[in-house]
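Here's the structure, in C-alpha cells; my notes come after.
The values are calculated or read from the model by the stated rules, or taken from the named source; none is laboratory data. As the structure is a computational prediction, the values presented were derived from the model and not from experiment. Because the Cβ atoms are built from the backbone with ideal geometry, glycine has one as well, and the counts that use them run over all protein chains shown.
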C-alpha cells in the first residue's frame, strides 16, 4: 500500500543521484535499478532534484526531465518529493512540471541569491505554490539566520507542509518547532549522522544519500529511532559513519562524489559528478571507501 504524504515525510526522504552517460548528458534510465533497490528496501519517499542529485549543476530543462522521469519510474509505488529552486521563473517552471508529472509535494530549495529578504521568501513561496496549483511544499532550510520569527511566518503560509532542517543547530530547531503550528512536519536534513539529535527535539524523518548505496542500513536506522532504540540507532550509524565522513571532505565537495564512486564499485555507474564537485576521489579517499564497501559486503558481487 502506498504511504500517505504525512507518513512518507516522517520516514526517509531518499535523495536520488542524477545519472550521466558517457558524454556527460543526463541518463535517467540508469537510475532504475538504484530506485528499485531503495523502494524494495522500504525507503519511504524518493526525492528528485535534491543536492545529492546535483541540482545546481543541472540546467532547468535537465531538472524538468529528471522530475518527469523519476515520477514515471516510481509509478505510484511511493510519494515523490520534487526539488524546485533557483530563480523564481525556474522554480515556477519546475513546480508546474513536477505537479503535472504527479509529484506528491515540492521541496523548495532555499534561494542562494546574495540578496534574500525574509519577506521576499514569502513572495517566492507564494509564487511557487501558485505555479504548482497548490501542491504541498517542504521548505529546505540550510541557513537558519533568517530567525525564528521569519521561519514561523514561512511555515504559516498556505501549502507549507513541513521543513527540511539542514543546519547543525538542534536548539534552534526546537525553538522553531515551538513557534510554528503543530501540524508542520520537521525533517532532519543532515542525513543519518544527525538523525538521532534531530529526532530528540522533534524531527520525525530524515534525508539520506546513503539510500543510493545501502538503503537497508538507512531503513534500519529509521526503524530503530521510531522504536525509541537510540543506542541501536547510534550503533548502526557508527557502522556507516566513514561513508559520511568521506562525503563531508573538501568543504562538502566530495558529497556526491562519494555516492557515485560507491555506485561504480557496485556495478551501477552513473557517470562522474559535474564541476565544481570534486571528481574523482583522491587515492586516500578511494582506499577508505573501498575498505568500507568490502567490510560491509557492499561491493559488486558481495551481497549484504
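Given the options 150, 131, name the one that is in contact with a helix residue (DSSP H, G or I) (Cβ under 8 Å, 6 or more places away or on another chain), touching a residue at least 40 places away in the same chain (Cβ under 8 Å) and more than 30 Å from residue 228 (Cβ to Cβ). Criteria check complete, one pass: 131.
In the set (1) surrounded by 16 or more Cβ atoms within 10 Å (Cβ to Cβ); (2) modelled with pLDDT of 95 or more, residue 3 fails one condition alone, (2). When the range 160-175 is filtered for residues that are surrounded by fewer than 17 Cβ atoms within 10 Å (Cβ to Cβ) and touching a strand residue (DSSP E or B) at 6+ places or on another chain (Cβ under 9 Å), only 167 remains. Can you find a residue in the range 34-41 that is in a loop (DSSP other than H, G, I, E, B), in contact with a helix residue (DSSP H, G or I) (Cβ under 9 Å, 6 or more places away or on another chain) and under 29 Å from residue 222 (Cα atoms)? Looking for residues that are in a loop (DSSP other than H, G, I, E, B), in contact with a helix residue (DSSP H, G or I) (Cβ under 9 Å, 6 or more places away or on another chain) and under 29 Å from residue 222 (Cα atoms), one finds none in the range 34-41, hence no.
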